[in-house]
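Taking it in order: structure first as C-alpha cells, then the write-up.
The values are calculated or read from the model by the stated rules, or taken from the named source; none is laboratory data. Since this is a predicted model, take the numbers as computed values, not measurements. Cβ coordinates were reconstructed from backbone atoms using ideal geometry, including for glycine residues, and neighbour counts include every protein chain displayed.
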C-alpha cells in the first residue's frame with residue numbers, strides 16, 4: 001500500500017494530517033485484507049444495527065421491535081431484524097452474519113443469553129471484537145454488556161398481592177424452564193411473597209412451561225388438578241393458556257379461577273375476559289436500550305450492570321374473589337400447605 005504504520009494509525013484513530021486519498025486507500029486495503037473497520041469508520045455499513053429476537057409469535061417481541069426500530073431510525077440507524085424460527089438460522093449463525101455486515105452494534109431482546117445453560121460463545125465473540133451490545137431482560141454472567149430489564153420481582157409481588165387482596169390462598173405459578181433467568185427471578189419472588197404472608201409456596205403449586213399458549217394450558221391444567229384458585233403466569237400467552245385450561249374444565253374465569261399474565265402485550269384488553277396482567281414499560285425500555293447502544297457506538301462510557309424498570313399491574317376482568325368453597329372436585333378442599 002506504500003504508507004507508514006504511523007499513517008495507518010492516524011487513519012484508524014481519526015487523527016488529522018492524512019489526505020483523503022490516502023485515507024480511502026487505507027480503508028480499502030482493510031476491506032480487501034478482511035480486517036474489520038473501527039466502528040466510527042464503517043461508513044454506510046455503520047448505519048446497520050442487529051436486532052435479534054427469539055420469536056414473533058409472542059406479541060411482546062414485535063412490540064419491542066417496533067419501539068427499538070423506531071428509536072434506531074431517529075438516530076439514523078437501520079435495524080437488521082434477526083428472528084429465530086424452529087429449525088431455522090441459529091442465534092450464533094445470525095451473529096456471524098451480522099459481523100460479516102460490519103454492523104455497528106447488536107440489541108438482543110430475549111434469546112439464549114437469558115438461558116443459563118445455553119451456549120454463550122457467540123456473545124463472547126462479540127465482546128472480544130468490541131462490538132457494542134445491549135441485552136433486554138437478562139444479563140449474562142461474566143460479561144459486562146449493559147442490560148435493560150423489567151423488574152421481575154416487583155412484577156410478581158404486584159400480581160401475588162393482587163390475588164391475595166381478593167382472598168386467594170391457593171395461588172399457583174407458571175414460569176419458564178429452570179435455566180431461564182427471568183423465570184428464576186419470578187419464582188424466587190413468588191416464594192418470597194408467599195413467605196411474607198406467613199406461608200410457603202408448595203412445589204406442587206409451581207409448573208414450568210415453554211412460552212406458548214398450548215404449554216401454558218397444559219401447565220395450568222396440572223395446577224387446577226391440585227386445587228389452585230389463582231394462577232400467576234410468566235407471560236400473556238401462558239396466561240391465555242391458563243384461561244383455556246379452566247374453560248375446558250367448565251370453570252368460570254374469574255368466577256372460579258383467577259389468572260394474571262405478564263407483559264400486557266397487544267390485544268390483552270380484547271380477550272374474553274380481558275386479561276389482568278403486569279405491564280412491561282416497553283416504550284421506556286426500548287428507548288433506553290437504543291440510548292445505551294448509541295453511547296457505545298459513539299465511544300462513550302456506559303456503566304456496566306442492569307437498568308431496572310418498574311412494571312405496572314393492569315387489573316381487568318380475569319381476576320376476582322375466589323369461590324367460597326373452592327373448586328368442585330379434585331383437591332380444592334384440602335387445607336393450604
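Observations
Here is a yes/no grid of residues against (1) over 28 Å from residue 145 (Cβ atoms); (2) in contact (Cβ under 8 Å) with a residue 12 or more places away in the chain; (3) over 23 Å from the mean Cα position of the chain (by Cα):
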| position | (1), (2), (3) |
| --- | --- |
| 250 | yes, no, yes |
| 258 | yes, yes, yes |
| 265 | no, yes, no |
| 269 | yes, yes, no |
| 278 | no, yes, no |
| 283 | no, yes, no |
| 286 | no, yes, no |
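- Some residue of region 46-68 being farther than 30 Å from residue 279 by Cβ and modelled with pLDDT under 75: yes
- Put simply, of 127, 190, 194, 114 the only residue that is over 22 Å from residue 309 (Cα atoms) and buried (at least 17 other Cβ atoms within 10 Å of the Cβ) is 194.
- Identity of the residue in region 137-153, more than 17 Å from the chain's Cα centre (by Cα) and without any contact (Cβ under 8 Å) to a residue 60 or more places away in the chain, that ends up surrounded by the most Cβ atoms within 10 Å (Cβ to Cβ): 143
- The condition of being under 25 Å from residue 232 (Cα atoms), touching a strand residue (DSSP E or B) at 6+ places or on another chain (Cβ under 8 Å) and touching a residue at least 12 places away in the same chain (Cβ under 8 Å) holds for only one of 107, 134, 103, 175, that being 175.
- Pairs meeting the criteria (first residue in region 292-309 and free of Cβ contacts under 8 Å to residues at least 12 places away in the same chain, second residue part of a loop (DSSP other than H, G, I, E, B) and exposed (fewer than 12 other Cβ atoms within 10 Å of the Cβ), beta carbons under 8 Å, at least 6 apart or on different chains) are 295/301.
Residues are listed down the side, and each one gets a yes or a no for (1) under 30 Å from residue 128 (Cβ atoms); (2) in a helix (DSSP H, G or I); (3) not assigned by TED's automatic domain parsing to the domain that holds residue 256:
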| residue | (1), (2), (3) |
| --- | --- |
| 140 | yes, no, yes |
| 143 | yes, no, yes |
| 158 | no, yes, no |
| 162 | no, yes, no |
| 168 | no, no, no |
| 174 | no, no, no |
| 195 | no, yes, no |
| 198 | no, no, no |
| 201 | no, no, no |
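- The residue list 201, 166, 187 contains one member that is in contact with a strand residue (DSSP E or B) (Cβ under 6 Å, 6 or more places away or on another chain) and within 30 Å of residue 322 (Cα to Cα), which is 187.
- The residues in region 224-234 that are out of contact with any helix residue (DSSP H, G or I) (no Cβ under 6 Å at 6 or more places or on another chain) and surrounded by fewer than 24 Cβ atoms within 10 Å (Cβ to Cβ) can be counted, and the count is 2.
- Any chance residue 184 is at pLDDT 95 or above, over 30 Å from residue 286 (Cβ atoms) and either outside any loop (DSSP other than H, G, I, E, B) or touching a helix residue (DSSP H, G or I) at 6+ places or on another chain (Cβ under 9 Å) (or both): no
Here's the yes/no breakdown for (1) under 20 Å from the mean Cα position of the chain (by Cα); (2) part of a loop (DSSP other than H, G, I, E, B); (3) at pLDDT 95 or above:
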position: 73; (1), (2), (3): no, no, no
position: 76; (1), (2), (3): no, yes, no
position: 80; (1), (2), (3): yes, no, no
position: 85; (1), (2), (3): yes, yes, no
position: 89; (1), (2), (3): yes, yes, no
position: 92; (1), (2), (3): yes, no, no
position: 97; (1), (2), (3): no, no, no
position: 107; (1), (2), (3): yes, no, yes
position: 117; (1), (2), (3): yes, yes, no
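- 2 or more residues modelled with pLDDT of 95 or more and closer than 21 Å to residue 208 by Cα: qualifying strands (runs of 3 or more DSSP E) within region 219-337: 230-233, 258-263, 276-279
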